[in-house]
Ligand SMILES: [Zn+2]
């Protein structure tokens with residue numbers, strides 16, 4: 001059965017014990033807090049034939065079919081590729097599903113994530129289903145950025161804010177989820193994950209701490225002229241490009257901030273603190289700003305999945321960084 005995270009217990013009680021369920025819910029909150037798992041559990045509850053103390057039983061026919069992904073009365077709508085739009089023809093399939101009679105004779109549930117990925121045509125097609133609700137169907141819309149949704153969509157949903165874990169709960173949970181790591185490694189992961197414990201766990205599974213150490217070591221060798229930009233770019237062949245660009249964007253911001261404030265405590269990411277401090281003292285702000293601008297432009301291309309030559313791109317980045325401290 002889908003995991004309920006400890007920070008979700010009171011939200012779950014609030015939602016699951018409603019005497020009557022709304023036709024459409026908008027479950028919203030920042031990315032990386034477990035909204036999808038929460039919505040999947042709620043879908044299981046709505047479909048379960050014998051719920052027990054406001055939880056899906058996990059044993060009935062409906063629960064079994066759902067766990068196998070073959071429940072005929074559930075429908076999951078998401079972009080076909082991550083970060084792409086939900087298209088109008090996908091929403092038309094949903095609208096068709098809503099008009100069908102439930103095959104198991106109970107409810108039908110639709111899960112749509114992220115709702116802001118619908119383009120205008122898709123959103124308008126969905127509005128029809130929201131305006132003419134069918135009694136047995138429930139729509140669960142998930143949104144990381146509800147401000148980007150059409151007001152007409154939002155107003156037809158019961159809006160439900162999903163709980164965000166606090167810093168302490170995130171650390172505790174991550175420590176339990178990854179018992180092999182010590183407290184400082186967990187803190188480091190959480191920092192890299194922007195505070196989200198679930199993103200932190202994913203990063204760990206992707207081996208991000210090892211990658212980070214490799215990158216930081218590489219930059220130090222680059223600045224000491226022990227390795228050339230092209231050697232380094234080659235050796236980073238297996239690292240995710242977006243992660244690299246995120247890190248370099250963060251570091252150039254830290255350099256600029258340190259140049260303005262001279263505040264050592266603000267350096268945060270301890271593994272790069274010395275390098276950031278060194279570059280802040282050596283590099284002219286104008287060069288750092290220029291590099292930051294370039295990084296943001298290239299990052300947008302990486303996000304847009306432009307056809308990039310990654311070695312050349314990384315080499316260009318590293319040539320810039322190698323020359324930041326200036327001659328001598
Ligand atoms: Zn069940």
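Which residue out of 190, 141 is more than 30 Å from residue 210 (Cα to Cα) and in contact with a helix residue (DSSP H, G or I) (Cβ under 8 Å, 6 or more places away or on another chain)? That would be 141, the only listed residue that is more than 30 Å from residue 210 (Cα to Cα) and in contact with a helix residue (DSSP H, G or I) (Cβ under 8 Å, 6 or more places away or on another chain).
Residues being part of a strand (DSSP E or B) and closer than 24 Å to residue 129 by Cβ: count how many of those fall in segment 24-55.
5
Can you tell me which residue is farthest from the ligand (Cβ to nearest atom) among those in segment 56-66 that are surrounded by fewer than 22 Cβ atoms within 10 Å (Cβ to Cβ) and under 14 Å from residue 109 (Cβ atoms)? The qualifying residue farthest from the ligand (Cβ to nearest atom) is 65. When residue 203 is tested against the conditions (1) farther than 23 Å from residue 8 by Cα; (2) buried (at least 19 other Cβ atoms within 10 Å of the Cβ); (3) not assigned by TED's automatic domain parsing to the domain that holds residue 105, the lone failure is (1). Which one of the conditions (1) touching a helix residue (DSSP H, G or I) at 6+ places or on another chain (Cβ under 6 Å); (2) within 12 Å of the ligand (Cβ to nearest atom); (3) over 25 Å from residue 130 (Cα atoms) does residue 8 fail to meet, given that it meets all the rest? Failed condition: (2). Within segment 67-89, does at least one residue satisfy the condition of being within 12 Å of the ligand (Cβ to nearest atom), more than 24 Å from the chain's Cα centre (by Cα) and crowded, with 17+ Cβ neighbours inside 10 Å? Yes, some residue in segment 67-89 is within 12 Å of the ligand (Cβ to nearest atom), more than 24 Å from the chain's Cα centre (by Cα) and crowded, with 17+ Cβ neighbours inside 10 Å. Of all residues in segment 293-316, those that are farther than 14 Å from residue 237 by Cα and either part of a helix (DSSP H, G or I) or modelled with pLDDT of 90 or more (or both) total 12. Can you find a residue in segment 62-72 that is touching a helix residue (DSSP H, G or I) at 6+ places or on another chain (Cβ under 8 Å) and assigned to a loop (DSSP other than H, G, I, E, B)? Yes, that holds for at least one residue. Restricting to segment 2-21, and then to whatever is more than 21 Å from the chain's Cα centre (by Cα) and exposed (fewer than 15 other Cβ atoms within 10 Å of the Cβ), can you tell me which residue is farthest from residue 72 (Cα to Cα)? For segment 2-21, the residue satisfying everything is 10. Any residue that is farther than 16 Å from residue 137 by Cα, in contact with a helix residue (DSSP H, G or I) (Cβ under 8 Å, 6 or more places away or on another chain), buried (at least 21 other Cβ atoms within 10 Å of the Cβ) and assigned by TED's automatic domain parsing to the domain that holds residue 154 - is there at least one of those in segment 24-32? Checking segment 24-32: at least one residue is farther than 16 Å from residue 137 by Cα, in contact with a helix residue (DSSP H, G or I) (Cβ under 8 Å, 6 or more places away or on another chain), buried (at least 21 other Cβ atoms within 10 Å of the Cβ) and assigned by TED's automatic domain parsing to the domain that holds residue 154. One residue stands out among those in segment 38-55 that are surrounded by 15 or more Cβ atoms within 10 Å (Cβ to Cβ) and at pLDDT below 95: the one that is nearest to the ligand (Cβ to nearest atom), which is 51.
The values are calculated or read from the model by the stated rules, or taken from the named source; none is laboratory data. Because the structure is a prediction, the values reported are computed rather than measured. Note: ideal-geometry Cβ built from the backbone for every residue, glycine included; neighbour counts use all protein chains shown.
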